[in-house]
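For reference, the structure discussed in these notes is given below.
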Amino acid sequence: MDIIQGIVIGGVGGTFATVTATLFNWIARKTHDHCDRKKLYNWLSKNSSPDKPFRSTRTLASWNNLTEDRVRYLCSSHAKIYLSTGDVSDLWSMQPRGGDSFIGERD
């Protein structure tokens, strides 16, 4: 019986540790994503203008010290950042998509 109790206690403890570590990592990842999204949104709001509303992924990545893939992921999942639907790809704006929401220049 002592062996079985030890196995059960070890299994429960291991399961608890795994669930706790997974939960902690998930919370840390979500917090990190939220902070980076906020950083991108703030930078985009300060560095966009009505005559130049779109900024490239490379520009956002460079000025915010993030990889281009991370910028694409974060911008695509932000509720107030929009991807250009025009001919030039990889441009982001705070303007919602619409009839003339694309300016065909890169920054």
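Summary of computed values
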| read-out | value |
| --- | --- |
| Failed item, numbered, when TRP92 is tested on (1) surrounded by 13 or more Cβ atoms within 10 Å (Cβ to Cβ); (2) at pLDDT 85 or above; (3) not in a strand (DSSP E or B) | (3) |
| Search result, residues across the range 45-88 that are of a type in the set (S, T, N, Q), free of Cβ contacts under 8 Å to residues at least 24 places away in the same chain and in contact with a Ser or Thr (Cβ under 8 Å, 6 or more places away or on another chain) | THR85 |
| The range 44-92: number of residues that are under 14 Å from the mean Cα position of the chain (by Cα) and among the polar types (S, T, N, Q) | 6 |
| Filter result (part of a helix (DSSP H, G or I), surrounded by fewer than 17 Cβ atoms within 10 Å (Cβ to Cβ) and among the aliphatic types (A, V, I, L, M)) within the range 26-79 | ILE27, ALA28 |
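The values are calculated or read from the model by the stated rules, or taken from the named source; none is laboratory data. Keep in mind that what you see is a predicted model, and the values were worked out from it rather than measured. For neighbour counting, all protein chains shown are included, and Cβ atoms are generated from backbone atoms with ideal geometry for every residue, glycine included.
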